Amino acid sequence: MDRAVSGWIDRGDLVAALDRAAAGKVTVISAPAGSGKTSLLRAWANRPGRPGRLAVMQVQPGQHDAQLFWLTLLDAVRRAAGRPGDAEPSATAPGSDAAVLAGRVLSELTEARGGITLVIDDLHELSSPEAAVQLTRLLASLPPQAHAVLATRHELPMRLHRLRLAGALAEIRAAELRFSERETRALLAASGIALSEGGVALLHQRTEGWAAGLRLAVLALARHPDPERFVAEFSGSDRTVAGYLLAEMLDRQPAAVQDLLLRTCLPDRINGELADLLTGRPGSQRILLDLEDANAFVVSVDSGRTWFRYHRLLTDFLRLELRRTRPEEVPALHRQAAGWFTGHGQVADAIRHIQAVGDWPDATRLLADHSFSMMLDGRAQTVQALLGAFPPGSDHPELALVRAMNDYILGHLDDAAARLAVAESHVETAPPDRRRRLGGAIAALKVSLARRRGQLTDVREQVKSLAAPGAGDWSEDIALGRDLRAVALLNLGTAEAWSPEGSADAERHLQEGAALAREIGRPYVEVGCLAQLGFASKIRPFATTQRRCREAITLAERYGWGAERVLAPALITLAGTLIWTGELDEGERWLRRALRAWPADTGPDIGLLLHHTTGILQACRGRHHEALQEFARADRLQSQLAGAHALASQLTGWLLATQARLGRTDEARAALAALDDERAGSGEISNARAVICLADGDPAAALHALREVLDGTAPVIGYVTVLEARLLAGLAHRELGDQRAANQAAERALALAEADRLVLPFAMTSARDLLAALPAHTRHAALRADILGVLPGSSPADGRRDPAPPAGPLSPSELRVLRYLPTNLSRPQIAGHLSVSPSTVDTHVRSIYAKLQVRDRSAAVQRARELRLLAAGRAPRPATM
């Protein structure tokens with residue numbers, strides 16, 4: 001609102017909002033001191049082209065005289081009506097009492113032509129109950145052509161509920177008056193102050209967009225030699241801000257309210273019970289509610305208005321005042337708050353207060369005892385922040401457990417193991433109740449470490465002691481025992497999902513873990529189980545895998561964990577299924593989200609999956625150099641795992657095949673020769689061997705390499721390996737000049753791909769020409785068209801550039817049915833998704849065939865793609881996914 005010192009920037013959106021609000025009967029602008037109410041009124045009143053006349057008055061401080069209030073308002077109305085010379089009754093003249101004056105104001109408004117808008121600023125200064133009652137009556141009786149805009153610092157002692165219910169009351173509050181970050185940047189620019197983007201964001205955060213705070217900051221910044229440092233240090237303890245808050249807020253409060261504000265400013269949030277404890281007297285809840293109603297920089301943070309927080313600058317100021325005026329009370333207030341938070345299970349807040357008084361041993365004990373529980377609640381960042389608040393050199397053995405957990409989260413697995421050994425040696429000296437709690441946390445971390453390192457045997461052995469009732473001292477604590485069992489099931493199921501066997505037990509254990517976590521109120525663990533369940537479902541139909549991934553994502557987002565590491569397996573697996581089916585852009589979007597959730601330096605397991613999936617995306621787009629880089633990164637992470645994993649042979653096979661496709665066959669053969677016999681005998685490596693042979697111009701050797709995959713004797717991770725082998729065989733037959741065998745191999749590959757409508761194997765093997773050579777009447781024409789629409793350098797229209805138009809336009813209902821024809825859904829299933837009867841779908845399908853002049857479903861899809869009624873490669877997603 002201000003240019004340099006006086007303060008103006010264009011806040012046209014806010015002025016427009018007031019303009020819309022003022023078109024109604026009554027508008028109330030209610031916000032704390034310094035929020036810009038008066039500046040908004042001035043900008044609105046002075047805007048070009050403003051219609052109507054304004055009767056403006058500003059209530060003077062401490063206005064308790066009802067007669068004087070109405071005399072002033074009557075004068076403003078008469079001036080707006082163009083009659084400023086009318087005789088005015090004195091306050092002592094007969095008939096000049098407040099009620100009569102209020103009636104005269106109403107008469108003037110009724111008689112005024114063209115309408116008048118009353119604008120009353122600082123209405124909170126009106127302390128006359130009589131005048132408030134009369135003003136309420138006036139507002140309820142305003143004539144049609146009259147309006148009122150009232151500005152106040154706090155809720156008005158007026159009964160406006162009838163106007164609100166009638167829709168005749170508009171309100172603009174502090175939230176609307178706050179400066180946005182964009183407006184903060186504009187204010188600084190208009191004042192000639194250069195700040196970095198980070199500096200602007202920090203200033204906006206510190207002031208919470210409070211206009212007066214920003215103006216005070218601008219005044220100081222204009223004279224400061226280092227603006228960035230000023231913003232970093234700017235707070236409510238700044239002299240100008242403190243002086244403003246002291247004069248405009250604290251000094252205006254009664255002594256009891258001032259005492260409450262000072263004694264309750266140390267916690268980041270406060271409720272009535274805690275405030276009663278800190279002040280030593282009851283009734284705090286009522287005071288806090290009144291302060292919020294008075295816009296006194298106090299805001300409720302829950303719908304029930306039981307918890308409150310103070311504006312950041314007010315908090316800083318109050319803490320400065322407390323240290324300045326009552327320094328001897330600060331430690332005791334911190335300890336009282338810590339005790340209350342501990343007793344109410346809010347341990348992180350308790351630890352912060354204990355740290356504030358420098359009681360590091362007690363803070364260490366509390367953090368060590370509760371860090372495991374906080375981790376299970378998804379509060380790793382809170383633990384990290386609490387850990388970072390300890391002074392340098394705080395290497396108490398009890399902190400070793402907390403530091404080990406932090407290292408584990410960050411993926412520093414060797415450091416986590418070393419710290420865990422220190423914690424384990426120390427736990428034996430702890431009292432029995434603490435030894436049980438610490439021992440349980442250590443056991444849980446040990447099994448988690450083994451799982452992330454790929455040590456399936458170790459995981460199974462450790463889970464026996466964790467999951468079995470009565471197997472450890474911690475089993476005496478029922479809650480802890482159930483927590484540990486949920487963690488055991490999560491780790492066991494995850495380890496099994498990553499094992500080469502791909503045991504179906506993985507899904508069962510993860511489902512049991514999710515159910516137990518839900519039962520005991522550990523949603524973070526439940527999300528972890530569901531996210532890993534998505535990965536464990538990789539051998540299921542893609543619809544099942546995607547549904548499970550989306551279940552995990554939906555639950556995580558409900559709790560605000562949409563970008564947490566725990567969700568990464570579901571994000572990456574969902575991306576992978578989309579890439580496999582040719583939805584490359586959508587898959588890439590989920591991959592980018594996964595990358596935000598799982599930074600590159602946080603461990604080998606999920607990082608491997610991330611690079612593996614990114615590699616197939618690049619390969620599907622024909623970017624083999626980029627694909628090779630991603631596969632190589634995944635391979636390096638693979639070497640950090642202690643045991644084999646489910647994707648090992650596929651990853652190695654694709655790495656070797658990509659090298660061969662780039663002409664690096666010598667390098668690929670050398671890597672192939674270095675494999676152990678078990679890996680070298682897998683179907684995935686046999687496929688890679690065939691690719692190397694094809695790259696070397698030996699299609700007969702390629703067919704020989706594929707023989708055991710095609711006859712079912714080679715171990716494979718799934719049918720996709722066989723599908724890939726069919727395509728490679730087709731390419732080999734084509735090189736040998738046997739087009740009939742090549743077509744048969746391609747048809748068989750399409751048949752395998754039909755269920756999940758896979759595209760990726762065709763892209764990985766560069767099978768475009770193989771598919772293009774198939775006759776048009778192939779049984780899988782629709783899938784073939786989908787795949788050709790995705791593969792680089794091809795056209796799903798098979799060269800037909802100018803297709804003849806349909807016999808007639810398809811209706812909206814027919815177009816909805818048409819969208820489902822490329823899927824493998826039956827007609828009854830399509831009817832279910834569209835909530836119509838199967839006979840209706842049959843009728844629409846017959847009409848579609850007639851209009852497109854085709855005889856079957858595949859031909860209809862292909863014809864629709866030629867006419868661009870369907871997009872290539874993008875089938876509708878079933879509602880359950």
query = Rg and Dmax of the stretch 499-612 over Cα atoms: what are they, in angstrom?
reply = 13.3, 40
query = Taking Cα atoms of the stretch 79-220, Rg/Rh with Kirkwood Rh, to two decimals?
reply = 1.13
Amide H contacts of residue 662 (H built 1.01 Å from N, under 5 Å, at least 5 apart or other chain) = none
Nonlocal amide H pairs with residue 29, under 5 Å, H built at 1.01 Å = 150, 151, 152, 172
task = Could you give me the percent of Cα pairs per 20 Å distance bin for the chain, shortest bin first, beginning at zero and ending with the bin that holds the maximum distance?
result = 12, 29, 30, 23, 6, 1
inquiry  = List the residues, sorted by chain then number, that are 5 or more residues from residue 716 or on another chain and whose placed amide H is less than 5 Å from its amide H.
reply    = 683
query = Using a 1.4 angstrom probe with every protein chain in place, what is the largest-first accessible-area order of 677, 276?
reply = 677, 276
task = Write down the percent of antiparallel bridges among all DSSP beta bridges whose residues are both part of the chain, to the nearest 5.
result = 20
inquiry  = Can you give me the accessible area per residue for the chain, using a 1.4 Å probe, in Å²?
reply    = 43
Net charge of Cβ neighbours under 11 Å - reference residue 516; Lys, Arg +1; Asp, Glu -1 = 0
query = Given only helices, namely DSSP H runs of n ≥ 4 each adding -39500 (n - 2.57), what is the per-residue ellipticity at 222 nm of the chain, to the nearest 500 deg cm²/dmol?
reply = -19000 deg cm²/dmol
message = Quick check: with the 1.4 Å probe, what order do 499, 39 take by accessible area, largest first?
response = 39, 499
task = Calculate what fraction, in whole %, of the accessible area of the chain sits on carbon and sulfur atoms when a 1.4 Å probe is rolled over the protein chains.
result = 51
request  = Using packing as a proxy for protection, rank 749-758, 649-658 so that the peptide with the highest average count of other Cβ atoms within 10 Å comes first.
outcome  = 649-658, 749-758
ask   = Where a Cα-Cα gap under 22 Å defines reach, which lysines qualify for residue 446, not counting those fewer than 8 residues away within the same chain?
value = 464
task = Quickly rank 527-534, 712-719 as a protection proxy: mean count of other C-beta atoms within 10 Å, highest first.
result = 527-534, 712-719
ask   = Using the alpha-carbon atoms, what tilt in degrees (0 to 90, nearest 10) does helix 129-140 show relative to the longest principal axis of the chain?
value = 60
request  = Can you tell me the 0 to 90 degree angle between the C-alpha axis of helix 413-427 and the longest principal axis of the chain, rounded to 10?
outcome  = 70
message = Below 8 Å between Cα atoms, with a sequence gap of 6+, how large is the relative contact order for the chain in percent?
response = 6
task = Mind ranking 11, 664, 252 by accessible surface for me, highest first, 1.4 Å probe?
result = 252, 664, 11
task = Can you send over the solvent-accessible area of residue 409, 1.4 Å probe, protein chains only, in Å² to the nearest 10?
result = 40
task = Roll a 1.4 Å probe over the protein heavy atoms and report the accessible area of residue 707 in Å², nearest 10.
result = 130
request  = Could you please report the charge total around residue 400, scoring K, R as +1 and D, E as -1 over all other residues with beta-carbon less than 13 angstrom from its beta-carbon?
outcome  = -3
remark   = Straight-line reach check, residue 25, cutoff 23 Å on alpha carbons, 8 or more apart in-chain or any other chain, hits among lysines -> 37
request  = Provide the net charge surrounding residue 293, with neighbours chosen by a C-beta distance below 11 Å and charges set as Lys +1, Arg +1, Asp -1, Glu -1.
outcome  = 0
task = Provide the packing ranking of 162-175, 635-648, i.e. peptides ordered by the mean count of other C-beta atoms within 10 Å per residue, highest first.
result = 635-648, 162-175
key: Solvent-accessible surface (1.4 angstrom probe) belonging to residue 136, in square angstrom, nearest 10   = 30
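The values are calculated or read from the model by the stated rules, or taken from the named source; none is laboratory data. The structure displayed is predicted, hence computed values, not measured ones. Glycine also receives a Cβ, built like all others from the backbone with ideal geometry; neighbour counts cover every protein chain displayed. Side chains are part of the model used for accessible areas, which takes the heavy atoms of the whole protein and leaves out ligands, DNA and RNA. Shrake-Rupley method; radii C 1.70, N 1.55, O 1.52, S 1.80 Å.
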